[in-house]
1. Pairs of Cα atoms under 8 Å, at least six residues apart: use those to get the relative contact order of chain A, whole percent.
2. How many Cβ atoms of partner chains, on average, are near each residue of B:106-114 if near means within 10 Å of its Cβ?
3. Accessible area of segment A:242-351 with a 1.4 Å probe: how many percent of it is carbon plus sulfur?
4. Any idea how far the Cα center of segment B:129-156 sits from the one of segment B:212-228, in Å?
5. Angle, helix A:146-163 long axis vs. longest principal axis of chain A, Cα atoms, 0 to 90°, nearest 10?
6. Which whole-percent values make up P(r) of chain B when all C-alpha to C-alpha distances are grouped in 5 Å steps starting at zero?
7. Once Rh is set to the Kirkwood radius over Cα pairs, what Stokes-Einstein translational diffusion coefficient, in µm²/s, holds for segment A:242-351 at a temperature of 10 °C and a viscosity of 1.306 mPa s?
8. Non-local amide H neighbours of B:M152 (under 5 Å, H modeled in plane, Pro and chain starts lacking H): which ones?
Amino acid sequence: MKKEFKLMKGNEALAEAAIRAGCDAYFGYPITPQSEVLEYLSREAHNRTGMVVLQAESEIASINMVYGAAGTGKKVMTSSSSPGISLMQEGISYIACAELPCLIVNVSRGGPGLGTIQPAQSDYFQSVKGGGHGDYHLIVLAPSTVQEMSDFVEFSFELAFKYRNPVMILTDGALGQMMEKVELKPQVERFHEEFNWATTGRKNGNSRVITSLNLEAEKMEEINIHLQKKYEMITKNEIRFEAINCEDADYLIVAYGLVARICQKAADLAREKGIKAGVFRPITLFPYPYEELKNAAKNVKGILDVEMNAGQMIEDVRLAVGNELPVAFHGRMGGVVPSPEEILEKLEMKFLGGSNE
Amino acid sequence: MNEKKMTGDEHYETMIAEENICINENIVYDKPHDALYSTPMHYCPGCGHGVVHRLIAEVVEELGIIHDVIGVAPVGCSVLAYNYLNIDMSEAAHGRASAVATGIKRVLPDKYVFSYQGDGDLAAIGTGETIHTCNRGENILVIFINNGIYGMTGGQMAPTTLANMKSSTSPFGRDVQTMGYPLKITELVAQLPGTYYVTRQSVHKAVNVRKTKKAIMNGFLYQKENKGTCFIEVVSNCPSNWKMSPVESNKWLDENMLPFYPLGDIKIPSNSSKNNGE
Ligand code: SF4
């Protein structure tokens, strides 16, 4: 079959991928810098596949509509940006506990508060470590190209249904807004599978219930133990990462999402100067590639962790490599995107006795 | 005639002794066995919740929709409604039942979907969802139990608590100057073009129970027409937190709740013969 290419914005590529993945329903609320997802789907989806697209009255309503629809075993998603994701956290916690498959997209922007509409990675903690109340995890995928914005949609649904767990695509406003060439996947039929847990109307003698409630402490503990076992299983099976020029590297730059691409440029500049740098990019932020990073860092002299925040993922980098290895940090906040030059400068300064700040 | 006068109980026992009256032809009422589990309910004695649950079960059975109905249980006293109703159900976060029901109905438009919500859930924390669900005219049935108090958390003031009514957070009576007025959300949603059938009923007397059942029946039947949201308020009691006996609470409801929340249809579909309200 002939391949289909298109020049698209990240947000639109993601929306197009949702239609093609046979997504059944999208519930969302406008917020910059991700409104294109809602706009694109409002325009395209229903006519093409009959997909439900509904603009809700708030992010709170959106995520609870997702909860309701996901409980019927359909492929359901929402998208938002940082403050909107904060509003959704209660609902996400319910979804995680009720073990409903769904996709949540966070095209994040700088905070805290109303912050800015420029890109940031300051939602790492709230996406990767829980965010809402209780012990739970989302599977978190961090695309670094518009192509991955598109590819990860179908992959997310696969994972969501495989583990009955919400999946988050954690990206940022820059990837959402920038245009790149995308190879589009062929249209997948919307599925009409019946799941034995889904509330679609009682099938036999006993009803099915979607709930996250158990008033008996021991039973609630059992539910928690079950969830933790599932997260262990996910950790065992689903870690994804990319290691670029790490084999002979003296220095590793660790970064995810768009920042990893900027770091790749920085690493190239370093190699031009004779500094052997490589880039380690976690693709799944939960489960985090601790062992893989540890292995990649076995022979290096130091690690530079680069993020668009005050230093959040660096905690996981330190957990991965322990105390033996120096781990430095470079971060920009509030919507500022770091340049390859400043990253290289930081690398030299920290590890090669470059000029001090 | 020198027959000894018998007491009611004696008369009954004699009847049972003389002829076996416990036969099918003589049964005048039996509770639903399919849509209702036989588990004892946790509701306080005299509470209206159990009655409304039973009515839903009866209607679901009578309409033969047990395999096509999905309910949404709220946070509140009826949070465990799914332990009593043997139909597919989804729990919802506090206030979000109508959003959850929207999600279900949008992907399963041929199913019957209803939410069951208390006053705190529907008219305080979930007001936004309630109004927008009704305003979109979602084809769902909203059953709204209004007892003017937060039952589950122990009797705090609700949005529907009457003026001067005492609760644990309005211990001297609801002062409308500082605590706001009781909210007639049913009249409010009736104003919205998205609502199709809006009625207020009660279950404190047998005659009202029958009317409420009729209303619930209508609420489900109208869903087939796809014309908008059906909204049934049931003015109910909370003997425990009103600190009354069940009988006192029903009397109090009659004398205090109903003058402010009058029973009857507020909005009925034009050219419809189904309704039977006051
Ligand atoms: S607390 Fe009130 S509303 Fe709740 S079950 Fe008891 S009587 Fe009913």
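The values are calculated or read from the model by the stated rules, or taken from the named source; none is laboratory data. The structure displayed is predicted, hence computed values, not measured ones. Here the Cβ positions follow ideal geometry from the backbone for every residue, glycine too, while neighbour counts run over all protein chains shown. Just so you know, the surface numbers come from the protein's heavy atoms only, side chains and all, with ligands and any DNA or RNA stripped out. Shrake-Rupley method; radii C 1.70, N 1.55, O 1.52, S 1.80 Å.
1. Value for chain A: 18 percent.
2. Partner Cβ neighbours, averaged per residue: 5.
3. Looking at segment A:242-351 in its full context, I get 46 percent from C and S.
4. 17 Å
5. Compared with the principal axis, the helix lies near 50 degrees.
6. 1, 6, 12, 16, 18, 16, 11, 7, 5, 3, 3, 2, 1, 0, 0
7. The Stokes-Einstein estimate is 118 µm²/s.
8. Sorted by chain and number, the residues that satisfy this are B:C77.
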